[in-house]
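Novice: Shown below is the structure under consideration.
The values are calculated or read from the model by the stated rules, or taken from the named source; none is laboratory data. In this text, all values refer to a predicted model and were calculated from it rather than measured experimentally. Using ideal geometry, Cβ is built from the backbone for each residue, glycine included, and neighbour counts are taken over all protein chains shown.
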Amino acid sequence: MSSPSVTNLLAEWRAGDQQARERLMPLVYGQLRALAGPLLASERPGHTLAPTALVHEAYLKLVDADVPWQDRAHFFSLASRMMRRILVDYAKTQRRQKRGGGAEKISLEDVAIAAVSPESSLPEIDDALNRLAVMDPRKGELIDLLYFGGLTYDEAAQALEISPATVHRELRIAKAWLYQELSSSAPL
């Protein structure tokens, strides 16, 4: 008997099958850990939030969310946004609590979005991504799917119902915009 797909389990869960939710975690845990690793690798050394804790916190928020799950891509898109939000909130809390509010710096290059100054901090990157999503929601969603959701170009194209060529073109534009946005906000 073959194991059910993530999309099938999400549909069963949406239909009210709580056991489907329990069977979902083993199927998605590895990929969620794979997403959390690079997100935390770009954090400052000695970061106290471990990949396992990030995955568990994001998963708990996801199971409590009242979301009409569509498919695997939708699940991982929301999971990646949830992890990003948790990291941003964590960074803001640390900024307020330690060393007079001085934030640790991360490089956007480590997040693989664009090569910008290592002076960019996660809250600044998040603010820029939010501005991009307001300006162009599809480009914002594309960044989330590819870099925080861990989807391939083809999966992102399918999720957004666009061609892989459009994914490539819009990603180049989004990266250039983010580079400009973060470069102009960097201290001189």
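Novice: From the list ALA115, ALA91, exactly one residue is in contact with a helix residue (DSSP H, G or I) (Cβ under 7 Å, 6 or more places away or on another chain), crowded, with 20+ Cβ neighbours inside 10 Å, at pLDDT below 80 and among the small types (Gly, Ala, Ser). Which is it?
Specialist: After ruling out the rest, the residue left standing is ALA91.
Novice: Give me the residue from the range 21-40 that is without any contact (Cβ under 8 Å) to a residue 12 or more places away in the chain and of a type outside the set (D, E, K, R) and, out of that set, nearest to LEU87 (Cα to Cα).
Specialist: In the first step, residues of the range 21-40 are kept if they are without any contact (Cβ under 8 Å) to a residue 12 or more places away in the chain; the result is 22, 26, 30.
Now drop any that are not of a type outside the set (D, E, K, R), which leaves 26, 30.
Working: PRO26: 23, GLY30: 19 Å.
Per the criteria, the residue is GLY30.
Novice: Is it the case, given these coordinates, that ILE125 is part of a helix (DSSP H, G or I), at pLDDT below 85 and buried (at least 20 other Cβ atoms within 10 Å of the Cβ)?
Specialist: So ILE125 passes the test.
Novice: Moving to a separate point now. Taking the stated definitions as given, is LEU35 within 24 Å of GLU124 (Cβ to Cβ), at pLDDT 85 or above and assigned to a helix (DSSP H, G or I)? Reasoning before the result, please.
Specialist: Working: within 24 Å of GLU124 (Cβ to Cβ): yes; at pLDDT 85 or above: no; assigned to a helix (DSSP H, G or I): yes.
Criteria not met by LEU35.
Novice: Of the conditions (1) among the charged types (D, E, K, R); (2) at pLDDT below 60; (3) not in a helix (DSSP H, G or I), ARG44 fails just one. Which one is it?
Specialist: With respect to (1) among the charged types (D, E, K, R); (2) at pLDDT below 60; (3) not in a helix (DSSP H, G or I), ARG44 is out only on (2).
Novice: ASP64 - would you say it is out of contact with any Cys (no Cβ under 8 Å at 6 or more places or on another chain), more than 24 Å from THR152 (Cα to Cα) and at pLDDT 80 or above?
Specialist: Details: out of contact with any Cys (no Cβ under 8 Å at 6 or more places or on another chain): yes; more than 24 Å from THR152 (Cα to Cα): yes; at pLDDT 80 or above: yes.
Criteria met by ASP64.
Novice: Please go through the range 129-188 and give me each residue that is within 15 Å of SER80 (Cβ to Cβ), touching a residue at least 60 places away in the same chain (Cβ under 8 Å) and not in a helix (DSSP H, G or I), ordered by number.
Specialist: GLY149, GLY150, LEU151, listed by residue number.
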